Amino acid sequence: MEPKPVAATGKKGKATPKRPSQAKARPPANPPMSNKEKREALKKSGPLTKEQKRQAKEDLRNERARIAEGQWKGDPLFDKYHLARDRGPERLLVRDIVDSRWSVGQYYMFGAFAILIFSTSGSAQLQSYLFIGLLALTAVIVVESILLSRRVKRLVFKRFPKTEQRKGGLYWYAIQRSIMPRSMRNPRARMSYKATEDDLGKVVK
């Protein structure tokens, strides 16, 4: 008498869990060449004519624009072209957190420069006012930095509980970006001040 096949549920009373299927990385469509690959391609092509040089410069501009656009959208395929400090989904989320909020800190550079200019005045009373203003500006930025660090901790470690990123490194990365004028931030800001938490850190379509 042949033994009966064992049921899928067995004695556990529930189905055996399936092994999670690992999503394969999406192959890049016409990926940008690295600097080494570009140099090797130029060596193989030999001397270029004036028209070929002009076309090569145009292609390089288009390539840089394509990379910049991919980075701005948050496409993981273009993450490797970021500086090391900006790589990873955690850093992308931190940048979006900073860029989605208005802060006094983003005007710190302009305020400090104005105080420096006016401090050359011979008026002792004006200099004392400027010193008080600088202290007040610094105090506001410290408070903003504490609140920003708390938000980074809440959102980043909620979304990436197993991240290997150090908290201190993420906090400092956020603070440094927050005291830069919005127009001078690099990578450039993706989020508006009306962005919701669900928008942060996602690929822009």
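With every protein chain present, what is the per residue accessible area of the stretch 157-205 (1.4 Å probe, Å²)?
Solvent-accessible surface per residue comes out at 71 Å².
Report the one residue of Leu126, Ala114, Val140 whose Cα lies farthest in the direction of the positive end of the charge dipole of the stretch 100-201 (charges on C-beta: Lys and Arg +1, Asp and Glu -1; origin at the Cα centre). After comparing all options, I get Val140.
Return the carbon/sulfur percentage of the accessible area of the stretch 144-188, one whole number, probe 1.4 Å, all protein chains in place. Before the final figure, lay out the partial values.
Numbers: 1660 of 2950 Å².
Carbon-and-sulfur percentage of accessible area, whole number: 56.
With the convex hull of the Cα atoms taken as the outline of the stretch 137-205, the averaged projected area works out to 5.6 nm². Note that the stretch 175-190 has calculated 3J(HN,Hα) couplings of 5, 4, 5, 5, 9, 8, x, 4, 6, 9, 6, 9, x, 5, 5, 9 Hz, one per residue in order, obtained from phi through the Karplus relation 6.51 cos²θ - 1.76 cosθ + 1.60 (θ = phi - 60°); glycine and proline are x. Computed on protein heavy atoms with a 1.4 Å probe, the accessible areas place Glu164, Glu90 in the order Glu164, Glu90, largest first.
Note on Thr49: accessible area is roughly 70 Å² with a 1.4 Å probe, heavy atoms of protein only.
Here the stretch 83-129 is treated with +1 on each Lys and Arg Cβ and -1 on each Asp and Glu Cβ, and its dipole about the Cα centre works out to around 100 debye. Counting only protein heavy atoms and a probe of 1.4 Å, the accessible surface of the stretch 40-95 is 56% carbon and sulfur. Glu144 contributes an accessible area of around 30 Å² to the protein surface, as traced by a 1.4 Å probe with all chains present.
Listed values for the stretch 99-107 are Karplus-derived 3J(HN,Hα) couplings in whole Hz (6.51 cos²θ - 1.76 cosθ + 1.60, θ = phi - 60°), namely 6, 8, 10, 7, 8, 5, x, 5, 9, and x replaces Gly and Pro.
Using only side-chain charges placed at the Cβ, +1 for Lys and Arg and -1 for Asp and Glu, the dipole size of the stretch 88-205 relative to its Cα centre rounds to 580 debye. For the stretch 86-205, the tally of Lys pairs with Cα-Cα distances below 19 Å comes to 8, considering only residues 8 or more apart or on different chains. Two numbers describe the Cα atoms of the stretch 76-205: Rg and Dmax, which are 17.3, 57 Å. Ligands, DNA and RNA aside, Asp198 has an accessible area near 110 Å² when probed at 1.4 Å. In this structure the stretch 59-140 gives 59 Å² per residue of accessible area when probed at 1.4 Å with all protein chains present.
The values are calculated or read from the model by the stated rules, or taken from the named source; none is laboratory data. Source: prediction; values computed, not measured. Neighbour counts run over all protein chains shown; Cβ positions are idealised from the backbone, glycine included. The protein model used for the area step is the full one, side chains on, heavy atoms only, and it has no ligands, DNA or RNA in it. Shrake-Rupley method; radii C 1.70, N 1.55, O 1.52, S 1.80 Å.
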